[in-house]
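The values are calculated or read from the model by the stated rules, or taken from the named source; none is laboratory data. No experiment lies behind these values; they were computed from the predicted model shown. Cβ: placed from backbone, ideal geometry, glycine included. Neighbour counts: every protein chain shown.
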Amino acid sequence: MRFIDKVRQWSTCIMISRLLLAIAMCGILWVYTFGHYDLLQTWSCYAGNGSNLASVSYREPIWTTNVAGEWYIIFLVAFFTWAITIFTGILHVIFIFTTSKCIITLALIIDFMNLCFSLSWLCYSTSLRFNHKGLVCAGYYLDSDQWHAADDKAPYLI
């Protein structure tokens, strides 16, 4: 077996694994974005720099950001990013059977743009999670007697 054939076999396995991972991630993000755990319908958290306590509604000027709404946008963007990964995975599978330079060029350009976008998404979501408002809505500043949950469970960590 020639070296190029081995490379083609391994790259095919990697692309199929990537396609299956993208399908799984889209399924998970579908549940968080549109499905049963829809953040905007289930739980809203307003936080601001003026308080270490979260609020479930916008009542005072110190609660300026709906952190759950921002997480909804982050999950929505992540869902479409993985959907684009599925599309490029399908293009890679088509390339395996046709070896068309046009298809692989298109797939690589879209993959590169998606990679750059995903890295910026990762930086933004990490900064949102670990900034003051994200920590407030994750319950870092709450004692057990301050939990807003009706069932007295620990707050869900965003």
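Of all residues in the range 54-76, exactly one satisfies the criterion of being loosely packed, with under 15 Cβ neighbours inside 10 Å, over 18 Å from the mean Cα position of the chain (by Cα) and modelled with pLDDT of 70 or more, namely THR64. Whether a residue is part of a helix (DSSP H, G or I) and at pLDDT below 90 was assessed, and LEU91 passes this test. Selection over the range 94-131 of residues that are over 30 Å from ASN66 (Cβ atoms) and in a helix (DSSP H, G or I) gives a count of 17.
Residues that are farther than 25 Å from PHE34 by Cβ and touching a residue at least 40 places away in the same chain (Cβ under 8 Å) were ranked within the range 77-95; the one that is surrounded by the most Cβ atoms within 10 Å (Cβ to Cβ) is HIS92.
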